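Worksheet: one structure, shown below.
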Amino acid sequence: MRNRIIPTLILSSALVFSAAPAAHAQITHLGVSPKQMVKINYIGIWDGTTFTSQWSQYNFGSLTGGVATSFVVPKGKILILTDIEVSIRCLTAVSYVPSTQLGAYIADPAGNAVSILNRFIPTRQTVGREMQRTPMTAGYAIPEGFQIIVDPIDPTAVPTHYFQRVNLLGYYLE
């Protein structure tokens, strides 16, 4: 009898441990499916006189929807933001810590700014770029039809800093 129990226990333990990763792989640490995860990518392009921007979206690691000049939360979805990562480019050396604030905002479907996601103050005083990150631990819900706006460049006549890249990380609820 004892000889039968030991192989049965070993087999049962092996099945439990091999099934555990498969069960946990279906949800992330945020409690959502990995297929719901999204990265919304903003790229700012400054050619010395003109500023242009490009938006793209990656779902589950794949580019979806191509590249656009703006980003609007798709119909039937709610975007939950969990993190904002920014890359700020310093164009010229400055002898002061800039007081400029670069911001990311939410606008309603009519285009009215309704909320500030975050304001970033550049700290770099030499040519190059710096990274800043803001976790939104509780998540920030943005409903369908609302737009994310990036105020990409400082308002001075000759800008010293601008958003080179903004990554908005989160997931969709349907």
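The values are calculated or read from the model by the stated rules, or taken from the named source; none is laboratory data. Being a predicted model, the structure only gives us computed values, none of them experimental. Positions of Cβ are generated from backbone atoms using ideal geometry, with glycine treated the same way; all protein chains shown enter the neighbour counts.
Among residues that are at pLDDT 75 or above and over 16 Å from the mean Cα position of the chain (by Cα), Thr82 is not included. Scanning segment 139-174 for residues that are outside any loop (DSSP other than H, G, I, E, B), of a type in the set (A, V, I, L, M, F, W, C) and either at pLDDT 85 or above or in contact with a Ser or Thr (Cβ under 8 Å, 6 or more places away or on another chain) (or both) yields Ala141, Ile142, Ile148, Ile149, Val150, Phe163, Val166, Leu168, Leu169, Leu173.
Please report, ordered by residue number, the strands (runs of 3 or more DSSP E) entirely within segment 27-129 with at least 3 residues that are more than 16 Å from Leu169 (Cα to Cα) and free of Cβ contacts under 8 Å to residues at least 60 places away in the same chain. Walk me through it before giving the result.
Details: elements: 37-46, 51-59, 62-68, 78-90, 102-107, 113-120.
Filter on segment 27-129 gives 62-68, 113-120.
Considering only residues that are over 18 Å from Leu79 (Cβ atoms), modelled with pLDDT of 80 or more and of a type outside the set (A, V, I, L, M), look in segment 3-58 and name the one that is farthest from the chain's Cα centre (by Cα). Filtering segment 3-58 for residues that are over 18 Å from Leu79 (Cβ atoms), modelled with pLDDT of 80 or more and of a type outside the set (A, V, I, L, M), the one farthest from the chain's Cα centre (by Cα) comes out as Thr52. Given the condition under 22 Å from Gln125 (Cα atoms) and of a type in the set (Lys, Arg), answer yes or no: does some residue in segment 64-86 qualify? The answer is no, given that none of the residues of segment 64-86 is under 22 Å from Gln125 (Cα atoms) and of a type in the set (Lys, Arg).
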